[in-house]
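Trainee: The structure under discussion is supplied below as structure tokens; questions concerning it will follow.
The values are calculated or read from the model by the stated rules, or taken from the named source; none is laboratory data. These figures come from a predicted structure and were not determined experimentally. Please note: Cβ atoms are built from the backbone with ideal geometry, for glycine as well, and neighbour counts cover all protein chains shown. Keep in mind that these areas ignore ligands, DNA and RNA; they rest on the heavy atoms of the full protein, side chains included. Shrake-Rupley method; radii C 1.70, N 1.55, O 1.52, S 1.80 Å.
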Amino acid sequence: QVQLVESGGGLVQPGGSLRLSCAASGNIFSIGIMRWYRQAPGKQRELVATITSYGITNYLDSVQGRFTISRDNAKNTVDLQMHSLKPEDTAVYYCNADIRPTRSQANNNYWGQGTQVTVSS
């Protein structure tokens, strides 16, 4: 069974920084694209950042230049470093990944349980 577990959320003042981490565990043959999503109260879940297994990244326009996604393929982890945080960044942040559990299986998509980020003075 594959699991994604996030950590690192919390309360931060505007302009502050936080680092989110997500670790994949269980039966893992390979991991493709890893992503961070977020969902604010009353809003749809939105894609914040993606990173391929080769390290190619893409960002939501509103976080470009403030957030950095990175991954460690040896440890099966993906991080999201967030700087210059704004109140509008407040949301539950979710880790998401395409994971092949075994050589003979196709990629499945997995979600973490989410971690709360609150930006407030």
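Trainee: Six or more apart or on different chains, Cβ atoms under 8 Å: show the pairs whose first residue is in the stretch 70-92 and assigned to a helix (DSSP H, G or I) and whose second is buried (at least 18 other Cβ atoms within 10 Å of the Cβ) and at pLDDT 95 or above.
Mentor: The qualifying pairs are 87/119; 88/119; 89/38; 89/63; 89/82; 89/117; 89/119.
Trainee: To continue, here is another question. Hey, can you tell me all the residues within the stretch 57-93 that are of a type in the set (S, T, N, Q), open to solvent by 40 Å² or more (accessible area, probe 1.4 Å), over 11 Å from the mean Cα position of the chain (by Cα) and over 13 Å from residue 34 (Cβ atoms)?
Mentor: Passing the criteria: 62, 64, 84.
Trainee: Of all the residues that make up the stretch 1-59, how many are in contact (Cβ under 8 Å) with a residue 12 or more places away in the chain and not in a loop (DSSP other than H, G, I, E, B)?
Mentor: 33
Trainee: Still on this model: Identify, from the list 19, 38, 100, the residue that is open to solvent by 30 Å² or more (accessible area, probe 1.4 Å), within 16 Å of the chain's Cα centre (by Cα), charged (D, E, K, R) and at pLDDT 95 or above.
Mentor: It is 19.
Trainee: Being of a type in the set (S, T, N, Q) and part of a helix (DSSP H, G or I) narrows it down to one of 62, 104, so name that one.
Mentor: 62
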